[in-house]
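A quick write-up on the structure given underneath.
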Amino acid sequence: MKRQVVWAALLALLLPVMLFSPALVQAQPQTPVQPGDLVRILLPGEPSLDKRFEVDRQGRLVLPEVGAIEVAGLDETAMQSAVAVRLKTAFRDLSGLSVFVAERRIRVSVLGYVETPGEVVLPAEAGVQMALRAAGGIRAGAQLDRLQLRRGNEQSLFDYKAYLDSGDRQLLPQLNSLDVLFVPASPKIGNVAVEFDPNQLTDKGDAAEDRDAVKVFGEVNSPGSFSYRSGVTIVDMLMRAGGVTRYASVEQIRVILDGEPRLFNLERYLDSGDQAELLVLSAGTTVFVPKQEEEVKAGANTVYVMGEVFKPGAYEGNADAGFLDVLANAGGPTRFAETRQMRIIRQSGEVEAFDMLAFTEGQGVAPPQLFAGDAIFVPEKTDLNEKSWTKVAPQRAVKVMGEVNRPGRFEWSDEMSMLDLLAHAGGPKPKADTAKVKVVYGDTQGQRRTVLFDLQAYLNGSNEPLPTITAGTVIMVPQLPDDPSDNKSQWIRQASEDSIYIFGQVGAPGRYRFNQKMHFLDILAAADGPTGEADLSQVRINHRDGSHARVTRLDLAMYFETGDEHLLPAIQPGDSIYIPEKQRPWLTEPKERTVRVLGAVNKPGRYRFNDNMTLLDLLAEAGGVDDRGHARKITVVNLSCCRDQARTFDLVAFSQSGDFDQLPVLRAGDTVYVPDEKESTWEKTRQGMEDVFRVLTISALLGFI
């Protein structure tokens, strides 16, 4: 027996060395160690060294107990020698030391016009493209044809754009550890750090510092300084500036050409096409496009359009121009226009209403006739967030409250449905209880009637019709109860008849919302599931839906072993679930259904026992025999089948033979006792012999003296 233990100990010590020794794996090429490499150190019995160490920028390994060791430039053999010399100062036995490179890597600094400049660590075979990617990629506006590679005091340029065009990897330099890769910014983006948009660059870039540049400003879409080319015309420059705006005075474009101010009439040139009107610019020319001066239009034929139209203003009318013609010239109503409440203000002061929506739906409404001096007013429709009651009369309003995105009062029409109204209010919020929507109806006598509607079931295909909505109705979308572990004061919002109570060994005990479609496992998961101390075999469910109390026992552990859904009870709102703590069966189980474990075990006590268990299972549940236990003299007292009889079990002999026929039969109510080794006959004999030897030794010493 002792020989087997010695061999097992030797095997446990030698196995890590045999598995990870470099002599047993394929030899790596003896390349010098460089910064960034990961070095593995194996020294049996020293877990602080049993990991990977990175070679820092100075080419050092920083090890616990001994500090930094210079290893850069050494091969693996020389590195192991250098590490061994330093480790001898702190460790006595280095016979099993093994030092080798676990992973070849390089440290490269990527600077300049990249997203995240800094130092990156890459595999040894990594190239320029992988280094740029590790730095977040090149920023827009980088000069790709003049990337720099700095190695020590040497610097070289290479064309990364040519590599992107051809895919030829020979155009890219090889990277070594401690190289610096610099990405310059293109001179075309100027000297101000702004968001770069290549679409805004001209063909020769930003010419703000060029004295020969042509300056174009005023009512153009992209004013600025533009590079000059021989023979360029003023129309060319206006096009490069994005063209003129709608407010430009194209008849009065001012040009300073060769130091002399001139006027250019773009409208006349476009109407005539005369090339003599076209100005050819010189270097340093300045072009200014002024804003058109707007005159206040008035007169006998003017009609005014105001309010929610795209182009409000005064328009010249005539006898043939009708209401729709003038409204179309003003761009038509915007999406915020209340087309049901349009007004025509006559020159005499009278006001006429016009329902544009009814006209477009063919309800027999004719557009009004316009006269000189009339004004069309298109009002703004009621804002969804507007809380003013003056815009919607109570006899035309429906109130939506509770957990919707935009609660408030909304104008109602009979062609709308409840879904239209909820969509108009922005829909329910994530915490809305859509299964308990309340619709409150009222009448002229002040009587109220409330109807509950399950919107969730309707959206899932239920045959229940939508409630009929009329003006004056109130729709209330309640809020789901908050998590009881966060705020128990919110429980008042939740009725007890809609709740399930869960207590005991669960992550979040409390009361939870429950409906008929939920499962026992749903409510258990909502309470964060059983804890590690939960006794899953003794779950109890108290049913409160009947005339008298009824309790169901559930072996949840058996369900997880078998997957039998019939084991799970049907629970209703109002029921309570209790999950007790395990390893305390004497509080709930009678002694006839437990087995006692006494004596020299780690956890003596009473344990729940069934016919599928053996004495070994019971001893394992009791934590096993402790260091004082006499494993050869375990006593089993049978009280069920053979009252007042006991038998002895030799656990050591059983472990050597593995004969399960030697195991005594256990039943509920039995007692297992593991005696202390000090109580054995051999132990008492050994102690007696020690006393005899001690007396003889003392006598001999006294005689010698």
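Readers should treat all values here as calculations from the given coordinates under stated rules, not as data from a laboratory. As the structure is a prediction and not an experimental result, all values here were calculated from the model. All Cβ positions, glycine included, derive from the backbone under ideal geometry; neighbour counts span all protein chains shown.
So how do 70-76, 140-146 stack up, highest first, on mean other-Cβ count within 10 Å? Could the numbers behind the result be given before it?
Numbers: 70-76: 18.0, 140-146: 16.4.
Top to bottom by mean Cβ count within 10 Å: 70-76, 140-146.
Stretch residue 415-residue 276 to full length: gain in nm at 0.36 nm per residue minus the Cα-Cα span? Could you put the intermediate results ahead of the total?
On the way: separation 139, 0.36 × 139 = 50.04 nm, distance 6.62 nm.
Result: 43.4 nm gained on full extension.
Checking the a/c ratio against 1.5 first, then a/b against b/c, what shape does the Cα gyration tensor give for the stretch 127-189?
Working: a/c = 1.44, a/b = 1.22, b/c = 1.18.
Rounded, because the longest to shortest axis ratio a/c is under 1.5.
Arrange the peptides 343-352, 120-129 so that the one whose residues have, on average, the most other Cβ atoms within 10 Å appears first. Could you put the intermediate results ahead of the total?
Working: 343-352: 12.0, 120-129: 16.3.
So the peptides 343-352, 120-129, ranked by packing, come out 120-129, 343-352.
Given a Förster distance of 22 angstrom, what is the FRET efficiency for residue 662 paired with residue 612, based on the Cβ-Cβ distance and rounded to 0.05?
Working: r = 19 Å, r/R0 = 0.86.
For residue 662 and residue 612, the calculated efficiency is 0.70.
Please arrange 548, 543 by counting, for each residue, the other beta carbons lying within 10 Å of its beta carbon, fewest first.
Numbers: 548 6, 543 17.
Listed from fewest to most nearby Cβ atoms, that is 548, 543.
Residue separation times 0.36 nm, minus the C-alpha to C-alpha distance between residue 153 and residue 336: what's the value?
Values: separation 183, 0.36 × 183 = 65.88 nm, distance 6.82 nm.
Difference between extended and current length: 59.1 nm.
Placing unit charges on C-beta atoms (Lys and Arg positive, Asp and Glu negative, everything else neutral), compute the dipole magnitude of the stretch 201-289 about its Cα centre in debye, rounded to 20. Please report the intermediate quantities before stating the final value.
Working: 9 positive and 14 negative charges, 29 e Å.
About 140 debye.
Taking square-rooted eigenvalues a ≥ b ≥ c of the alpha carbon gyration tensor, is the stretch 413-481 rounded, prolate or oblate, where a/c under 1.5 means rounded and, failing that, a/b exceeding b/c means prolate? Could the numbers behind the result be given before it?
Numbers: a/c = 1.62, a/b = 1.42, b/c = 1.14.
It is prolate, given that a/c is not under 1.5 and a/b is the larger ratio.
Tell me, 264, 100 in order of fewest to most beta-carbon neighbours within 10 Å?
Details: 264 21, 100 18.
By the 10 Å Cβ count, ascending: 100, 264.
Quick one: if the Förster radius is 22 Å, what FRET efficiency do residue 115 and residue 57 give, using the C-beta to C-beta distance and rounding to 0.05? Numbers along the way, then the final one.
Numbers: r = 23 Å, r/R0 = 1.03.
My answer for the efficiency is 0.45.
Counting only DSSP beta bridges with both residues in the stretch 201-289, what percent are antiparallel, rounded to the nearest 5?
About 75 percent, rounded to the nearest 5.
Using 25 Å as the Cα-Cα cut-off, could you pick out the over-long pairs in 311/399; 311/381; 215/291; 291/381; 381/436; 603/678? Numbers along the way, then the final one.
Working: 311/399 35 Å; 311/381 18 Å; 215/291 17 Å; 291/381 34 Å; 381/436 32 Å; 603/678 20 Å.
Table pairs above 25 Å Cα-Cα are 311/399; 291/381; 381/436.
Below 8 Å between Cα atoms, with a sequence gap of 6+, how large is the relative contact order for the stretch 589-674 in percent?
Values: 164 pairs, mean separation 33.5, N = 86.
Answer for the stretch 589-674 is 39 percent.
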